[in-house]
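Structure record follows, encoded as structure tokens.
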Amino acid sequence: MPALPDELSGLGRFAQPSLAILLSLSEGPRHGYAIMAAARELTGEPLGPGTLYATLARLEARGLIESLPAEDRRRPYRLTADGASVLRAQLEGIEGIVHAGLERIGRSASPSAGSPPATS
């Protein structure tokens, strides 16, 4: 998988889970289990609790997310303004990589590209 832009590259193996977490929080505050479920829906891969909470701690230390007061023993997290800026930069970087890659292999970025022609 291509390298992520600099904002998350310093997170090492936590860079890709960070992107899924930031994206899940872009819809509003969520607690750990809801973040794991949203990340799995986005990526198709499970995000275990160890990776989740280690990544949340790193993102919070960088000021990209913040924890909110606990609700019924669940601590929700929300995206900060800096986190939203980093998320946008990450997604724009990935979009550029995808577009360039599709052009190089001779496909357009449209959803129907690469579909076989209809036959009768």
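Values computed for the structure shown
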read-out: Region 88-103 residues that are closer than 20 Å to Leu64 by Cβ, paired with ones that are assigned to a helix (DSSP H, G or I) (beta carbon under 7 Å, 6 or more apart); value: Ala89/Glu7; Gln90/Glu7; Gln90/Leu8; Gln90/Leu19
read-out: Residues that are touching a residue at least 24 places away in the same chain (Cβ under 8 Å), part of a helix (DSSP H, G or I) and not aliphatic (A, V, I, L, M), drawn from region 55-87; value: Thr55, Arg58, Gly83
read-out: Qualifying residue in region 12-26 (condition: modelled with pLDDT under 90, surrounded by 17 or more Cβ atoms within 10 Å (Cβ to Cβ), farther than 14 Å from Asp82 by Cβ and among the polar types (S, T, N, Q)); value: yes
read-out: Residues satisfying the stated conditions in region 18-35, i.e. assigned to a helix (DSSP H, G or I) and within 20 Å of Glu95 (Cβ to Cβ); value: Ser18, Leu19, Ala20, Ile21, Leu22, Leu23, Ser24, Leu25
read-out: Residue count, region 58-93 (criterion: of a type in the set (A, V, I, L, M) and either farther than 18 Å from Leu23 by Cβ or surrounded by fewer than 12 Cβ atoms within 10 Å (Cβ to Cβ) (or both)); value: 4
read-out: Hey, Pro29 surrounded by 11 or more Cβ atoms within 10 Å (Cβ to Cβ) and modelled with pLDDT of 90 or more or not; value: yes
read-out: Scope region 36-54; condition part of a loop (DSSP other than H, G, I, E, B) and surrounded by 14 or more Cβ atoms within 10 Å (Cβ to Cβ); matching residues; value: Leu47
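The values are calculated or read from the model by the stated rules, or taken from the named source; none is laboratory data. Source: prediction; values computed, not measured. Backbone-built Cβ (ideal geometry, glycine too); neighbour counts: all protein chains shown.
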